Amino acid sequence: MTQLADLAATDFDRATALGPSSEHGPDGAAHRFDVELDAGWSSLIGAHGGYLVAIAVRAAERVATGRGVRTATTSFLRAGNIGPARLEVREIRRSRSLSTVVADLFQDERLVTTSRVTLAEERSGVEWASPAPLAVPPLEECVPVEPPGRVEHLLRVDARLDPASLPFTDGPRAVIRGHIRPFGTRRVDAAWLAMVADWFPPPAFVRVAPPTGGVSIDLTTHLHRPQIDLGEDEWLVGEFEIVTSTGGLAVEHGRIARRDGTLVSESFQTRWTAEG
């Protein structure tokens, strides 16, 4: 394995680490975490959006202890900059089974993102699954990611993309597919899945030039299976597609699955496609 891969094995955990919690507000209802937005997670504009969501997920896990993240919804209000930031986190509702946590990320006293995270007690319930394999070609037919300058986050996931759905190819469909996994033997967890829902290049870039179709407005990710141990040679597959862009907004539907089609996570992201 390459030196980059060895270094990246712990990069995600280091980059999403939170400082000590300090309680404030009425009755200590809110928690404050100082964070450092890492330059290795820079994107086309500022800090990578999925990386910011992952930090919010980490904070929600710290506040609603003993419960696992199932859904995260984030609104991106302005670009995050590499450097210091703070999270203000509140558990606004805790029932016997569910917690709802709000996590606001600030820089220079301005709100950058606001996230609502739903966490649940682990329990059995009515379950079913209808696996539907994604149309991702075999790993050996896919190609490594070649990011342009400044888009450092693309180097932080081990990935191979479908050559028939690459950005800037003027393809007939706005769809990106490929194989993904963490570097090394790192476990797939809720924060990593929250990040990877925004990791793939925006599907709009298959049809249009950036930044059109690349700016994130809102992102909701549901984690069907938030904890996975991948085998040494096992990969997840992902497919992200935009079928409609109208009125300057497009909705991207993303799926992360095992190779047999068992869904791991599912996302819906609103992207800005207006000109100018």
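The values are calculated or read from the model by the stated rules, or taken from the named source; none is laboratory data. Quick caveat, the model's predicted, so the values are computed rather than measured. Cβ placement follows ideal geometry from the backbone for every residue including glycine, while neighbour counts extend to all protein chains displayed.
Quick check, is THR113 β-branched (Val, Ile, Thr), within 18 Å of VAL53 (Cβ to Cβ) and in contact with a Phe, Trp or Tyr (Cβ under 7 Å, 6 or more places away or on another chain)? In short, yes. Got at least one residue in the range 212-220 being crowded, with 22+ Cβ neighbours inside 10 Å and within 29 Å of ASP233 (Cβ to Cβ)? So far as the range 212-220 goes, no, none of its residues is crowded, with 22+ Cβ neighbours inside 10 Å and within 29 Å of ASP233 (Cβ to Cβ).
If you go through the range 266-276 and keep only what is in a loop (DSSP other than H, G, I, E, B), surrounded by fewer than 18 Cβ atoms within 10 Å (Cβ to Cβ) and not small (Gly, Ala, Ser), you end up with just GLU275. Among the residues of the range 201-230, those that are assigned to a loop (DSSP other than H, G, I, E, B), at pLDDT 90 or above and over 12 Å from ALA174 (Cβ atoms) comprise HIS224, ARG225, PRO226, GLN227, ASP229, LEU230.
Scanning the range 228-251 for residues that are of a type outside the set (Val, Ile, Thr) and over 14 Å from VAL196 (Cα atoms) returns ASP229, LEU230, GLY231, GLU232, ASP233, GLU234, GLU241, SER245, GLY247, GLY248, LEU249, ALA250. Pairs linking a residue in the range 192-218 that is more than 15 Å from ALA54 (Cα to Cα) and assigned by TED's automatic domain parsing to the domain that holds VAL264 to a residue that is part of a loop (DSSP other than H, G, I, E, B) and hydroxyl-bearing (Ser, Thr, Tyr), with Cβ atoms under 7 Å and 6 or more positions apart or on different chains, are ALA204/THR212; ALA204/THR273; VAL206/THR169; THR212/THR273; GLY213/THR273. The residue list VAL112, VAL102, VAL136 contains one member that is under 15 Å from HIS31 (Cα atoms) and surrounded by 15 or more Cβ atoms within 10 Å (Cβ to Cβ), which is VAL102.
Inspect the range 248-265 for any residue being part of a strand (DSSP E or B), of a type in the set (Asp, Glu) and over 15 Å from the mean Cα position of the chain (by Cα) and give the result as yes or no. Steps first, please.
Let us first name the residues in the range 248-265 that are part of a strand (DSSP E or B), namely 249-257, 263-265.
Now restrict to residues that are of a type in the set (Asp, Glu): 252.
In the following step, the residues that additionally are over 15 Å from the mean Cα position of the chain (by Cα) were identified as none.
Within the range 248-265, none of the residues are part of a strand (DSSP E or B), of a type in the set (Asp, Glu) and over 15 Å from the mean Cα position of the chain (by Cα).
Among the conditions (1) under 19 Å from the mean Cα position of the chain (by Cα); (2) under 21 Å from THR220 (Cβ atoms); (3) crowded, with 17+ Cβ neighbours inside 10 Å, the only one that ARG78 does not satisfy is (3). Condition first: modelled with pLDDT of 95 or more and more than 18 Å from LEU223 (Cβ to Cβ). Can you find one or more residues in the range 57-73 that meet it? The answer is no, given that none of the residues of the range 57-73 is modelled with pLDDT of 95 or more and more than 18 Å from LEU223 (Cβ to Cβ).
Restricting the search to strands (runs of 3 or more DSSP E) fully inside the range 53-167 and requiring at least 1 residues that are among the polar types (S, T, N, Q) gives 68-76, 98-107, 110-120.
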